[in-house]
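> Could you have a look at this structure, given as structure tokens, before my questions?
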Amino acid sequence: MPSPAEPSRRVFRLILGVILLAAALLRCWDIGTPQLWEDDYLNLDRAMLEPARLLATQVHLGPVDTTFDFQPPLIYLIDHLALGLGGTVLAARIPSLAAGLLTVLGLGLLGAACAGRRAGLAAAALCAGALFPVEISRAIKLYALFLCTLVYSLYFLVRCVTPGRRPIHLAGYTAATAAMLWAAYQGVPVLAAQGLGVGLLYLRRKGIFAGPDRTASLAWIMAAMAVAACLWLPIAPGLFFTNTFLQNPSISRWSGLEPRFITDTLAGFFYLNFDYGPVAAAAIAALLLVGLRGSWNAPTALVALAAVVPSLAILTSQSDLRPLVTWRHLIAVLPAVCILCGSGASRLGGLACRKLPDRVRGAAALVATGVLCAVVLAPPLSRLDDFYRRTLTNDRDLFRFLSRTPGPKTTLAFTGYQRNAKAFAARWHLPEAAGGPGNFAAPGYQRLRTVDLFLADSERRRARPRGVLLASWGAGGLHTRVALAGLPSRAPLLLAPDSSGRAGYLDDFRDWRAYNDAYSLDNWTVDSEVGLLRPTRYERPATAVWRFDLPPGPTTGPVTARLTAALFKRHPTVPADSVLSIAASSDGKTFTPLATLGHGDFLTADGSPRLVPRRFFEELPFYQGHCREAEKTLDLTAYAATGSVWLRVEYVPGTREGFLALAGLEVAAAGLETRTGPDPLAFYAANLARNCQAAAYRPGLTRLGRTAYVFALPDHPELARTLPGGEVIGPPSVLAAFAADHPGLPPAFLLPDAAGKPAVAVYDPALAPEAGGIALSDVSPHATVEQPGDTPLPVLALTLAGRINAPVLALGDERVPVPVSAPAGSVLRLTPRGRGTLYFSPDFDPPDFSDRPNAHFQNMAASRSYPDYSGGVTCLPGTDCRFEYVFVSAYPMTTLRIMAYPRLYGDKDGYRACTVAYATDGRTFETLLDERNTTPEQWSLMFLRRYAEVRLPRPATQITVRFSLRADFAAEFWSPARPIDRMAIEADLDARNFPGLTVPAGTTRLSLSGEADNAFRVWFTDRAPGLERIWPGQ
């Protein structure tokens, strides 16, 4: 019997269109929901560079904010353009999404060219539904772009080597191949495989090479390959640089090549990381073998070669990345797998229908082919719920917690695991509020929030973060601690001589001393875990200045500075071009360059690197625990005549591999006058008081701004005094009163005496566990605030946190109504004549359902289904239940966001339900979330996020949010104390009618009036909230 007819061109296009629509739905579903992780940050970091610097950096692996990403620059350039059109996660994912959909189309065309239209449709369908192509189409990575360019390079090459070639095919091949080479270094072995394949076809007189003009045809194809290679030449050095950088002869070429790896490669493209059985792997292998047997021809051979050659290049490499290779990295295999499996499904479908009547045979074969594809795709697609729920990090939740937790104005620093990637993550999620402590123009006082991340097995060895612990939690083996600390400056520094007239200063950056001692820092981070002062953002310049004062009188000996620099450098021949430039000054205004530290300073006389043991500040061990080290000793005596020596270190970034940092600073002086110098303890106590704008302590007074109190401790009462500028070092008796008013408050800083005992303490009431603010309530409706200095404070953000019920704030003679009502646990932020936010997060650990007007509940109880964890609510036995929260605002609410964590015990009918709905009139509710679990007798997973956002059809002045549970105590909502799993409700407010307020200079009385039942804290901030990306889709 003849084989079933291929579908017509019209049917082919129609079905391919349907497949593309299905592919788009799979890829676009909740595309803004997945949280970013380290690989995303690597790509976003480079995409945000200027194109010229990006190109130079990627070719020679130059220093950037995040660690290496060993790829050509095309995906970053495209993402750069996408971010220019819209600075959201969705904008960054659009290039991969578009490439993923074009890949499905291309595989349909390529499969049709290799094995017929029915096989092409099967190949497109397999690519559309396989989870790996779906995932990479939603990621901010190069995979989708490389796969797309690879498919079209192969498609146009197949068209070039088969009869009917047209000039547009050569042009398309050239463009697609050049793009492939710019998309991934795997493109180079692919091009080599294509050249090999074309050469074999020419020798065997296959396809277009069977005719008399075979040599001319070969010449045209080789010319197209040559043009594509020439277009790649500007970035070609990057491949050789990267290869040399990663080369490691001790790596086994055959590491990890086991039968499981082969089956993972076949099944992984369909199942991703989900489990698959031997039957599934065997079915995929069987389809592939059938397809290989039934459609082995010249085009298929080209596709197979393009899969085999780059895979062998990766698997036989000896590089530091080789142990990390998984089936995911063999992405060039995916087109061959889809086409051969599609061909196998097509062949089996044709065989199954070969005896049917002619009029139905073609359609039946198409249906049978579709059924076989469905058999392959059905098991992985049954895991779509789990696929869409997966998350590799909780970063967005972390930064939402940091943003929505009220407190004083702070800088932000990360320590521990992946601290460099998390610092970039902060700049992405909170771009206008993520400055670090290494950025200040003059001595002063700053508050710092530290996020310390570490693996669970290192908890016992890890010191508690400095300051007051605000939160601590663990998730997936990674622990996080958030602390609030104060960083007072004690600059300028004093070179206080000993009895022999010698003085010295030393900082090896093993602690945070530089934050206290430097006169100014710009773009520096003290990485005490590896003993480095390194640029926070390696792609930008950095400047550090120290000021050293000398005692009055002549200096008869030298004043010297010795600086130790560290360079993480691996490539043996291409020098690093980043530089440390050192200058000195006698007045802090005019600096004289003295020396530089660059690549050549880290080499010995014979040209070999001077290596010392030191861990790299990233986790990946590219530098094998070593760095290059160099020292430079400078004579500063000429700058000491005025009594002060200023030392400046500038980092000038380069574009070639090499991470440069400062590893030590030592200043020494000899021949100093020993009789006229100030007492070092009194000198530094006065500096602390000036830099903290310290005032006399007055009970009941809240001081605004970056200020703190300075006290002499009982062993040194003589240090207490009032400075000429009005700053105060309080006596021990006042410290006792302060301590009584602030029980348990630890000092922000302790200044030791010569014996190492604390002599002076800096205290900051804003570092209390509740993070400061001005407490107002019905019971205590009055407070006194002080704006230091002579300049009023224009309030650009007013924050209230607690229970809010239409309060009226009176600041002196200025009355500010706040017409908002929200339950306890709410945070209200208002920007004058701008946007406001009302955020609420309940704490169900334990649940607290009161009968206050803003909280409504029915039949609620605490959950006990998860003994190891608390923070859930459910229904009383034998009941359905619900609870509601009501928000009222005269500033119209325009957008509503809900983040909920439902949990259900499954029933096959889906009767049990967790529902979230809202109403703007208190009666007519619209459902936002409706969660069911149809897996019988199994609890759904804990802490699965459910997010909904709705732009209200009409701005509302009242919103009721109802959480309903149906089916006894087998349905729950969770909002535990752990910050990353807290239920959240947020509304955007149109606050254009909020007039704002100004805190006058000096002391002012703050009073609360208005409605009853208020209890909140108030913060006045002179900076309006900026751009944030802390909700899905932002």
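Bear in mind that the values in this text are calculations on the coordinates, not laboratory data. Predicted, not measured: the structure shown is a model, and the values here were computed from it. Every residue, glycine as well, gets a Cβ built from its backbone with ideal geometry; the counts of neighbours run over all protein chains shown.
> Considering the dipole of the stretch 1-75 built from charges on the beta carbon (Lys and Arg +1, Asp and Glu -1) around the Cα centre, which of 15, 35, 56 is farthest to its positive end?
With unit charges placed on the Cβ atoms, the residue in question is 15.
> Size of the dipole of the chain about the Cα centre, Lys and Arg at +1 and Asp and Glu at -1 on the beta carbon, nothing else charged, in debye to 20? Write out the running numbers ahead of the final one.
Numbers: 99 positive and 86 negative charges, 815 e Å.
So the dipole magnitude of the chain works out to roughly 3920 debye.
> Out of the trypsin sites (Lys or Arg not before Pro) in the stretch 664-767, which ones are loop residues according to DSSP with at most 11 other C-beta atoms within 10 Å?
Answer in residue order: 675.
> Also, I was wondering about something else. With 10 angstrom as the radius, rank 351, 896 by how many other C-beta atoms surround their C-beta, starting from the fewest.
Numbers: 351 16, 896 22.
Final ranking by Cβ density, sparse to dense: 351, 896.
> Given points 7 Å out from each Cα along the Cα-Cβ axis, report the residue 560 to residue 282 separation in nanometres with one decimal.
Calculated label separation equals 7.8 nm.
> Given labels modelled 7 Å from the Cα in the Cβ direction, how far is it in nm from residue 895 to residue 754?
6.3
> Can I ask one more? Work out the FRET efficiency for residue 469 and residue 733 from their Cβ-Cβ distance, taking R0 = 25 Å, and round it to the nearest 0.05.
FRET efficiency, residue 469 to residue 733: 0.25.
> Give me the one-decimal nm value for the distance between modelled label points at residue 1003 and residue 543, 7 Å along each residue's Cα-to-Cβ direction.
Roughly 4.0 nm, to one decimal.
> Continuing with this model, one more query. Just rank 126, 455, 131, 830, fewest to most, by other beta-carbon atoms within 10 angstrom.
Listing 126, 455, 131, 830 from fewest to most nearby Cβ atoms yields 455, 131, 830, 126.
> How long is the gain from residue 679 to residue 796 if the chain were fully straight, where each residue apart is worth 0.36 nm and the alpha carbon distance is subtracted?
37.8 nm
> Here's a follow-up. Taking Cα pairs under 8 Å and at least six residues apart, what relative contact order does the stretch 729-803 come out at, in percent?
About 16 percent, as a whole number.
> Where the only charges are on Cβ atoms (+1 Lys, Arg; -1 Asp, Glu), what is the dipole of the stretch 680-767 about its Cα centre, to the nearest 20 debye? Intermediate values should be presented prior to the final figure.
Values: 6 positive and 6 negative charges, 46 e Å.
Rounded to the nearest 20 debye, it is 220 debye.
> Using only alpha carbon pairs under 8 Å that are at least six residues apart, calculate the relative contact order of the chain and give it in whole percent.
Working: 2356 pairs, mean separation 107.3, N = 1034.
Relative contact order, the chain: 10 percent.
> Please give me, ordered by residue number, the trypsin sites (Lys or Arg not before Pro) of the stretch 414-476 that lie in loop per DSSP and have at most 10 other Cβ atoms within 10 Å. Intermediate results must be reported in sequence, preceding the final value.
Numbers: sites: 419, 422, 427, 447, 449, 460, 461, 462, 466; in loops: 460, 461, 462, 466.
Qualifying residues, ordered by number: 460, 461.
> Ok, one more. Using 16 Å as the cut-off for backbone N distance, which residues of the stretch 934-978 belong to the label zone defined by a point 7 Å from the Cα of residue 862 along Cα→Cβ?
It comes to 973-978, nothing else.
> For the stretch 680-767, what's the relative contact order in percent, using C-alpha pairs closer than 8 Å and at least 6 residues apart?
Numbers: 150 pairs, mean separation 26.5, N = 88.
30 percent.
> Is the stretch 842-985 best put as rounded, prolate or oblate by its Cα gyration tensor, with a ≥ b ≥ c the root eigenvalues, rounded for a/c under 1.5, and otherwise prolate when a/b is larger than b/c, oblate when not?
Because a/c hits 1.5 or more and a/b exceeds b/c, the stretch 842-985 counts as prolate.
> Cα-based count: Lys pairs in the chain below 26 Å, eight or more positions apart or different chains?
On the way: 141/422; 409/422; 422/569; 569/632; 589/632.
Going through the chain pair by pair, I get 5.
> Work out the FRET efficiency for residue 1024 and residue 784 from their Cβ-Cβ distance, taking R0 = 22 Å, and round it to the nearest 0.05. Numbers along the way, then the final one.
Details: r = 26 Å, r/R0 = 1.18.
Computed FRET efficiency for residue 1024 and residue 784: 0.25.
> Using a cut-off of 13 Å between beta-carbons, work out the net charge of the residues near residue 390 (Lys and Arg +1, Asp and Glu -1, residue 390 not included).
Here the charged neighbours net out to 0.
> With Rg and the Kirkwood Rh both taken from Cα atoms, where does Rg over Rh land for the stretch 239-324? Don't skip to the answer; put the middle values down first.
Values: Rg = 16.0 Å, Rh = 15.2 Å.
With Rh from the inverse mean 1/r over Cα pairs, Rg/Rh is 1.05.
> Below 12 angstrom from the Cβ of residue 402, what's the summed charge of the other residues (Lys, Arg +1; Asp, Glu -1)?
Neighbour charge sum, excluding residue 402 itself: +2.
> Given 702, 431, 268, which one lies farthest toward the positive end of the charge dipole of the chain, if we put +1 on the Cβ of every Lys and Arg and -1 on the Cβ of every Asp and Glu?
268
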